[in-house]
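The values are calculated or read from the model by the stated rules, or taken from the named source; none is laboratory data. The structure displayed is predicted, hence computed values, not measured ones. Cβ: placed from backbone, ideal geometry, glycine included. Neighbour counts: every protein chain shown.
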Amino acid sequence: MATARRITTKTQIYQLKIQLWAVRPPVWRRVLVPGEVTLAELHEIIQTAMGWTNSHLHEFDIDGVGYGVPDPEWGLPETLDESSARLFRVAQQGSRFRYVYDFGDDWQHDVTVEKVHAPEQGTRYPCCVAGRRACPPEDVGGPWGYEDFLAALADPTHDEHAHWMEWAGGGFDAGDFDVAATDHRLGRSRWSDAR
């Protein structure tokens with residue numbers, strides 16, 4: 001992650017629910033992040049919390065404004081620099097915005113600011129406090145490819161069962177999610193809980 005920051009008593013903590021769009025049953029995470037994070041840092045937090053590998057392009061859409069890594073060659077000249085935008089300046093309690101990862105597979109995440117509150121003594125931020133279900137594998141074909149992937153894995157008579165089993169390294173547990181392991185990965189970020 002980016003440079004370490006000191007979390008002070010003035011820092012507000014944002015409780016975010018991040019849920020994949022068009023995936024059923026729902027895949028989601030609840031994370032607590034300092035409002036002072038840049039959207040570039042929030043991108044890394046979402047990648048870690050969801051379980052993605054940060055192998056593709058991404059963009060935030062907040063109130064119709066795109067934030068990401070500006071790159072006119074990719075047709076994103078209107079995209080504002082995410083490293084210059086701080087969460088507390090673009091969202092508040094009740095805000096909803098979209099985070100898109102992998103423009104080919106089009107993994108859209110609905111992000112909701114559920115609460116904004118003061119930091120709690122002894123809590124390290126960012127942290128993951130809840131979630132459900134495994135992150136889909138990278139390059140599986142987006143929500144619709146993922147649905148076909150799960151159907152093939154679940155049915156040994158499916159024409160693509162053997163292919164997808166091999167592709168997935170012998171299997172995939174869509175229900176698997178470990179909040180403690182996810183929180184541990186977030187804990188390796190450079191944010192400090194010093195106050």
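Annotations for the structure displayed:
- Residue in the stretch 108-125 that is closer than 21 Å to Ser55 by Cβ and touching a helix residue (DSSP H, G or I) at 6+ places or on another chain (Cβ under 6 Å) present: no
- Of all residues assigned to the stretch 147-164, none qualifies as being aromatic (Phe, Trp, Tyr), under 25 Å from Val100 (Cβ atoms) and in a loop (DSSP other than H, G, I, E, B).
- Here Val129 meets the list (1) in contact with a strand residue (DSSP E or B) (Cβ under 9 Å, 6 or more places away or on another chain); (2) at pLDDT below 95 almost entirely, failing just condition (2).
- Test: residue in the stretch 123-140 that is among the charged types (D, E, K, R), assigned by TED's automatic domain parsing to the domain that holds Gly68 and surrounded by fewer than 14 Cβ atoms within 10 Å (Cβ to Cβ): no
- Listed by position, the strands (runs of 3 or more DSSP E) enclosed by the stretch 42-126 that each have at least 2 residues that are free of Cβ contacts under 8 Å to residues at least 60 places away in the same chain are 58-62, 65-68, 96-101.
- Verdict on Glu41 being at pLDDT 95 or above, out of contact with any strand residue (DSSP E or B) (no Cβ under 7 Å at 6 or more places or on another chain) and over 21 Å from Arg133 (Cβ atoms): yes
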